Amino acid sequence: MKTMRITNAEVKIIEEHRQSIKHEKATQKFRKEIFELAYQFNNWLDEQGEYPSFSGFINCFNPSHSSQNKLKYDCVIKVLDAVNSLQLSRESASC
């Protein structure tokens, strides 16, 4: 079998591609975590009769501790706002 040499530029392209794949996987994992947190936090809010707040999210709902808790809270609120803005038409609601 013949060994093929690649240039430094080609090595850089390969490394960048690998990094982009790694980033995409991390992004998908983060999105899934946000969807799950949003669902759980919404249920918790309903059970407690509370309104969303960062302090309630951290101190009472108590997600796993992370340096990204503020970012996660902001994303969860965006998801909840988007979902809560959805409305069915009257015709669809009667089905």
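The values are calculated or read from the model by the stated rules, or taken from the named source; none is laboratory data. If you're wondering where the values come from, they're calculated on a predicted model, not measured in any experiment. FYI the Cβ positions are ideal-geometry reconstructions off the backbone, even for glycines, and counts take in every protein chain you see. Just so you know, the surface numbers come from the protein's heavy atoms only, side chains and all, with ligands and any DNA or RNA stripped out. Shrake-Rupley method; radii C 1.70, N 1.55, O 1.52, S 1.80 Å.
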Legend entry - Å² per residue, accessible surface of the chain at 1.4 Å: 87 Å²
Inset, instruction - Considering the options Pro52, Asn84, Asn69, tell which one lies farthest towards the positive end of the dipole of region 23-95, charges being +1 on Lys and Arg and -1 on Asp and Glu at the Cβ, about the Cα centre. - result: Asn69
Inset, instruction - Taking only Cα atoms and a 10 Å spring cutoff, compute GNM fluctuations for the chain and point out the largest among Gln28, Gln19, Gln40. - result: Gln19
Legend entry - region 22-37 and region 64-79: distance between their alpha carbon centers, rounded to Å: 12 Å
Legend entry - Over the chain - Rg/Rh using Cα atoms and the Kirkwood inverse-distance radius: 1.27
Legend entry - For the chain, the longest site-free run once trypsin sites (Lys or Arg not before Pro) in DSSP loop states with at most 14 other Cβ atoms within 10 Å are removed: 6-95
Inset, instruction - Working from Cα positions, state the angle (0 to 90°, nearest 10) between the long axis of helix 8-48 and the longest principal axis of the chain. - result: 10 degrees
